[in-house]
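Nothing in this text is a laboratory measurement; each read-out follows from the coordinates by a stated rule. Computed from a prediction, not measured in an experiment: that's the story for all the values here. Neighbour counts run over all protein chains shown; Cβ positions are idealised from the backbone, glycine included.
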Amino acid sequence: MTALLSLNQVHSYYGSAHILHGLGLQVHAGERVALIGRNGVGKTTVVNTILGLAQMKQGAIHFGSTPMARPRPYIAAQHGIVVVPQGRRIVANLTVEENLLLGAATGRKGPWTVPEIYKLFPILQERAHTPGTALSGGQQQMLAVGRALMANPGLILLDEPTEGLAPVIVDQLADIFNQVADQGTALLLIEQNLSLVVRVAHRFLAMAKGSVVAEGPVVNSPQGLQDIEEHVMV
Ligand SMILES: Nc1ncnc2c1ncn2[C@@H]1O[C@H](COP(=O)(O)OP(=O)(O)OP(=O)(O)O)[C@@H](O)[C@H]1O
Ligand SMILES: [Mg+2]
């Protein structure tokens, strides 16, 4: 089966700064993959390379079977690959509902509509007409996830979605990610909270210095948690 997303021997740069060094990864339909690694190893640069915001100078990216010499955010979305960016990036002068509608810009058909997002996150319906940035951090993260779902994606890249959030909100988001994945959407979860990783992911990729240095299955148990912790310590 063709992967939804594949990166092969990718070298990527910001200007002359060489950040990704021969990175490879694949995500297939319905998979739940975690991308883990310490601060600054290049996790967000993987996302930025997929969106064309960091420059790939060597290697190959495919969205499905289509090679992407010059990826762009809207091209990724057209192929059903969407990003929940690190820091959420809610548009300040749009309401909650308008932020959600932005996610539907590609016009991809599928199960996710505004009413369905409101069923998943009732708080967003209550606050539908308030400015998106007036929400709490956790609610803004729910909005960012809802906005991504509105594109009816086959794959969502979540870049540190629980950074800075209270444990009770992290638990809610874990349930949501599992629900979304249970409905068939593949996840690439970039996360430093490894207890969340074991609750959501089935496979991990560990990065160090701009490439993937280890991979394996994820098991939701104390031992499974220890097994992946080692790979972030290096
Ligand atoms: N726009 C940029 N221009 C130049 N260098 C950058 C830029 N953005 C990030 N970097 C550098 O690239 C390296 C990888 O950064 P990146 O943001 O991909 O790491 P990360 O793994 O996502 O870290 P974190 O866990 O803190 O989010 C870092 O050394 C960072 O300083
Ligand atoms: Mg990052």
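Where the second residue is assigned to a helix (DSSP H, G or I) and the first is more than 10 Å from ligand 1 (Cβ to nearest atom) and lies in the stretch 33-54, which pairs have Cβ atoms under 8 Å and are six or more apart or on separate chains? Every condition considered, the pairs that remain are Ala34/Val197; Ala34/Val200; Ala34/Ile228; Ile50/Ala76; Leu51/Pro73; Leu51/Ala76; Gly52/Pro73; Gly52/Ile75. Selection of the stretch 149-203 for residues being under 21 Å from Gly64 (Cα atoms) and touching a Gly at 6+ places or on another chain (Cβ under 6 Å) yields Met150, Ala151, Asn152, Pro153, Gly154, Gly184, Ala186. For the stretch 119-138, the set of residues classified as free of Cβ contacts under 8 Å to residues at least 40 places away in the same chain and under 24 Å from Gly80 (Cα atoms) consists of Lys119, Leu124, listed by residue number.
For the stretch 72-93, the candidate set comprises residues that are assigned to a loop (DSSP other than H, G, I, E, B) and either among the hydroxyl-bearing types (Ser, Thr, Tyr) or within 16 Å of ligand 1 (Cβ to nearest atom) (or both); within that set, the residue that is surrounded by the fewest Cβ atoms within 10 Å (Cβ to Cβ) is Gly87.
You will find that of Gln183, Gln192, the residue that is surrounded by 14 or more Cβ atoms within 10 Å (Cβ to Cβ), of a type outside the set (Lys, Arg), on the phi < 0 side of the Ramachandran plot and touching a residue at least 60 places away in the same chain (Cβ under 8 Å) is Gln192 and no other. If you go through the stretch 55-86 and pick out every residue that is among the polar types (S, T, N, Q) and free of Cβ contacts under 8 Å to residues at least 60 places away in the same chain, you end up with 4.
Just one residue in the set Asp227, Asp171, Asp159 is acidic (Asp, Glu) and in contact (Cβ under 8 Å) with a residue 40 or more places away in the chain; that residue is Asp159. Just to verify a result, which residue in the stretch 195-214, among those that are hydrophobic (A, V, I, L, M, F, W, C), touching a strand residue (DSSP E or B) at 6+ places or on another chain (Cβ under 7 Å) and more than 21 Å from Ile50 (Cα to Cα), is nearest to ligand 1 (Cβ to nearest atom)? Among them, the one singled out is Val197. The set of residues from the stretch 168-210 being closer than 16 Å to Glu230 by Cβ and in a helix (DSSP H, G or I) comprises Leu194, Ser195, Val197, Val198. Pairs meeting the criteria (first residue in the stretch 1-26 and in contact (Cβ under 8 Å) with a residue 60 or more places away in the chain, second residue part of a loop (DSSP other than H, G, I, E, B) and polar (S, T, N, Q), beta carbons under 8 Å, at least 6 apart or on different chains) are Thr2/Ser65. Each residue in the stretch 11-25 was checked for being part of a strand (DSSP E or B) and away from ligand 2 (no atom under 16 Å from the Cβ), and 6 pass.
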